[in-house]
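What follows is calculated from the coordinates using simple rules that are stated; it is not laboratory data. These figures come from a predicted structure and were not determined experimentally. As a convention, Cβ positions derive from the backbone with ideal geometry for all residues, glycine included, and neighbour counts pool all protein chains shown.
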Amino acid sequence: MNLTYQGKTKDVYKMDNGDVLLKFKDDVTGENGVFDPGANTVGLTIEGAGKAGLRMTTYFFQKLIDKEIPTHFIDSNIEQSTMTVKEAKVFGKGLEVICRFKAVGSFFRRYGAYCEEGQPLDAFVEVTIKDDDRQDPPISKQALSMLAILSEAEYETLQTLTKQISQLVKEDLATKGLELYDIKLEFGRDAKTNEIILIDEISGGNMRVYKDGQYIEPLALEALLFS
């Protein structure tokens, strides 16, 4: 097993059988010690965040599998903070797909002259390029196609999957009295079949969730979800 990549919140290992092992860490994204799922830097370390993130990820990936939504998930070991997944190829150098139900975060910072903070959005999907030096800029369907990152047909698949997955997460959280404001997902192509699949994770570290108008931190979110 070889370490192939050290990410902000996970380390990636290539296994001898061709699968991939993800090691979840306690680091979370943010700035100046404040958690922010939309940030592209590690802002702080929260003890137990890795296991909490993996537990939530396992929970939601298993629900997606039950709905026959394609993912890279194979299995996980919560105690060891590891998840075994299928090998996947990212689009270009990596994309992030955000589904927004409320105008918060970078959406409000960009478009605050035209909206109120927290106003409802109709599952608005946007794609950003993973590029720390350029602050993960948003990119349009046409630009993605022109730059040969993915085709317009693949973009539509990405958008459809994003809405399906985000709605599933939103409805599940709602059963606990929790409201999903936005969620950040990642996709890739299955290295063997070339099918577009959900990769990475679904955890408190890549979503904003509120209860009674108050933001819920990732560890508190995990505790509420499984209470």
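Close amide H pairs (under 5 Å, H built 1.01 Å from N) link VAL104 with GLY118, residues at least 5 positions away or on another chain. Taking 7 Å steps out from each Cα toward its Cβ at GLN164 and MET1 produces label points 3.1 nm apart.
Counted residue by residue at 0.36 nm each, then reduced by the alpha carbon distance between them, the extension gain from LYS8 to LYS141 reaches 45.2 nm. Cross-link reach is defined here as a Cα-Cα straight distance under 13 Å, omitting same-chain residues fewer than 8 places apart; for LYS192 the aspartates and glutamates meeting it are ASP19, GLU87. The modelled label-to-label distance for the pair GLU79/LYS67, using points 7 Å beyond Cα in the direction of Cβ, is 3.2 nm.
Normalised by the number of residues in the chain, the mean separation of alpha-carbon contacts (under 8 Å, six or more apart) gives a relative contact order of 19 percent. About its Cα centre, the chain has a charge dipole of approximately 120 debye under the convention of +1 per Lys or Arg Cβ and -1 per Asp or Glu Cβ, with nothing else charged.
Pairs exceeding 32 Å between alpha-carbon atoms, taken from LYS25/LYS63; LYS86/LYS211; LYS8/LYS163: LYS86/LYS211. Evaluating 6.51 cos²θ - 1.76 cosθ + 1.60 at θ = phi - 60° for every residue in the range 102-117, the Karplus couplings come out as 9, 7, 9, x, 5, 4, 5, 5, 7, 10, x, 6, 10, 8, 9, 4 Hz, glycine and proline recorded as x. Annotation: for a label point projected 7 angstrom from Cα along Cα→Cβ of GLN214, residues of the range 155-174 with backbone N closer than 19 Å are 174. For the range 109-171, the square roots of the Cα gyration tensor eigenvalues, ordered a ≥ b ≥ c, give a/c of at least 1.5 with a/b no greater than b/c, which places it in the oblate category. Kirkwood's formula applied to the C-alpha pairs of the range 103-223 gives a hydrodynamic radius of 16.0 angstrom. Take the chain and mark each of the trypsin sites (Lys or Arg not before Pro) that is in a DSSP loop with at most 16 other Cβ atoms within 10 Å; the longest unmarked stretch, sites excluded, is 9-66. Note that the range 70-80 has calculated 3J(HN,Hα) couplings of x, 9, 8, 5, 10, 6, 8, 10, 4, 4, 8 Hz, one per residue in order, obtained from phi through the Karplus relation 6.51 cos²θ - 1.76 cosθ + 1.60 (θ = phi - 60°); glycine and proline are x. Per-residue 3J(HN,Hα) values for the range 134-143, derived from phi via the Karplus relation 6.51 cos²θ - 1.76 cosθ + 1.60 with θ = phi - 60°, read 10, 6, 6, x, x, 9, 8, 4, 5, 5 Hz in sequence order (x marks Gly and Pro). First check a/c for the chain, with a ≥ b ≥ c the square roots of the eigenvalues of its C-alpha gyration tensor; if it is under 1.5, answer rounded, and if not, answer prolate when a/b is larger than b/c or oblate otherwise. Cα axes put the chain in the rounded bin. Extension gain for ASP16 to THR193 (0.36 nm times residue separation, less C-alpha to C-alpha distance): 61.8 nm. Residue separation of LYS176 and ALA223 scaled by 0.36 nm, minus their Cα-Cα distance, works out to 15.8 nm of gained length.
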